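Every number in this text was worked out from the coordinates using simple rules, so none of it is lab data. Because the structure is a prediction, the values reported are computed rather than measured. Reconstructed Cβ throughout: ideal geometry from the backbone, glycine too, with neighbour counts over all protein chains shown.
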Amino acid sequence: MKPPTETPDAEAIRAKVREGYGKIAAGEGSCCGPTPNCCGSAPAASELLAQQIGYSPTELAALPEGANMGLSCGNPNVLAALQAGEVMLDLGSGGGFDVFIAGRNVGPAGRAIGVDMTADMVAKARKNVATYRERSGLDNVEFRLGEIEHLPVADASVDVVISNCVINLSPDKPQVWREIARVLKPGGRVAVSDLALLRALPPEVSDLVEALVGCIAGAVTVAETERMAEEAGLVDLVLKPKNGYIDSMVDWQDPLYRKIVASLPAGSKASDYITSLEITARKSATVAGTGANQTTPRPSISLAVYDPPMCCSTGVCGPEVDPQLVQFAADLGWLAEKGAKIERFNLAQSPIAFAENELVRAALTEKGEAALPLIMVDGKVAATGTYPTRDALAALVGVGGAPVSVFTPAVAELVAVGAAIAANCEPCLRHHVRAAETLGVSAADLARAVELAAKVKDAPHRSILKLAARLTGGDRTDPEA
């Protein structure tokens with residue numbers, strides 16, 4: 001068992017954070033004004049900040065009112081590359097900002113769960129669930145009250161853990177990382193945006209209560225973050241500092257950052273000390289061995305996909321399903337299971353990622369959007385202008401090929417429609433028909449699924465009537481008989 005890592009004043013720190021974010025949830029506090037108390041932007045700049053760090057206008061417009069409170073320092077949804085049907089957990093979910101976006105990405109077969117220790121935040125998020133259901137047609141999000149050091153989530157029950165500018169607030173960060181590892185399924189992944197230190201802050205900054213609630217005084221170094229995640233048992237760690245976020249906050253004259261700059265040594269700036277940090281990692285998959293569990297070795301291959309501008313990359317949003325995108329998303333999931341590290345960027349949602357990569361920028365300059373999709377393997381351009389097949393992807397990353405799966409989320413719902421008919425389950429049938437329609441399944445395909453289910457269900461009935469006819473000599477082939 002790990003030794004306790006909390007400091008004696010851990011609960012006092014939680015109380016300060018809980019009070020600060022409780023005021024924000026109740027509308028009594030904000031990131032602006034004489035006493036700034038959050039880690040994001042002022043309310044008027046919340047949407048601008050969100051777009052700056054990679055959220056699309058479409059995503060933001062679909063959010064329930066008040067879900068975006070300017071508390072973000074990155075976009076973990078993009079890092080996570082969520083797939084339809086996955087279970088996602090957001091640590092410190094606040095008003096539900098990232099949960100409501102993730103819910104659309106995981107679709108009706110998936111689930112998006114938010115955990116927050118501030119009762120007012122959880123209440124605010126739950127109040128917005130009805131609006132989310134109405135706008136999305138989905139009933140796949142929930143919010144739980146709890147501390148991220150003691151998650152109210154079962155062991156090995158989550159595919160993806162995300163967090164947005166929250167872990168730095170914890171007084172017991174090693175315990176948070178251990179909890180992340182506990183709730184992840186084998187092979188599950190982590191996508192976190194957080195604030196971290198490039199070097200120690202001056203004491204006068206660390207002592208600011210506003211800086212504590214604003215995610216800065218509680219931040220630790222990049223190296224410490226990496227050590228804690230590794231000690232928790234996570235693998236394939238990638239930590240990417242994003243100093244531009246800090247500089248942009250200073251450019252906007254955010255009151256908290258202005259106060260911090262005033263406390264720094266002459267000639268230095270906030271981004272010399274503080275950075276926005278993207279963290280991705282994975283929980284090792286385990287296989288049965290002759291004795292204790294053995295971890296499956298995973299290749300250190302990374303594959304990055306730069307998509308053209310679109311609503312989403314799954315192929316199941318909008319009025320029609322794009323089967324090519326659905327298959328490609330499934331193929332990427334298969335590669336991830338094989339151990340490849342997958343990153344995916346959409347030009348409409350993550351333009352900064354395109355601008356920051358020199359090779360992608362050069363390809364766009366030369367070919368324009370015809371260069372997209374662009375596939376990179378270990379930092380080198382491997383394909384442009386087309387989505388590779390599964391076999392081609394397997395060859396690119398050096399893993400064995402496999403039969404192409406056709407079991408898409410849409411196909412799964414058609415199967416469920418047939419099962420509901422076979423089981424005479426009216427609520428099941430209603431649910432799966434609605435889910436299939438949400439995924440873009442046509443009325444003709446639904447009708448074919450129902451017809452096939454009826455034939456399969458009727459086959460034993462007709463068979464027993466034929467047997468009865470042979471035994472009694474009567475005509476029992478007519479179902480009305």
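Things worth noting here:
- Using C-alpha pairs under 8 Å with a sequence gap of at least 6, the mean separation divided by the residue count of segment 359-454 gives a relative contact order of 18 percent.
- Point-charge dipole on Cβ atoms (K/R +1, D/E -1) for segment 86-241, about Cα centre, debye to 20: 540
- When the pairs 283/367; 185/455; 269/380; 173/338 are compared against a 32 Å limit on Cα-Cα distance, 283/367; 185/455; 269/380 fall above it.
- The HN-Hα couplings worked out from phi for segment 425-434 by the Karplus form 6.51 cos²θ - 1.76 cosθ + 1.60 (θ = phi - 60°) are 9, 5, x, 4, 4, 4, 4, 6, 5, 4 Hz, whole numbers, x standing for Gly and Pro.
- Anisotropy class of segment 302-397 from Cα gyration tensor, a/c 1.5 cut: oblate
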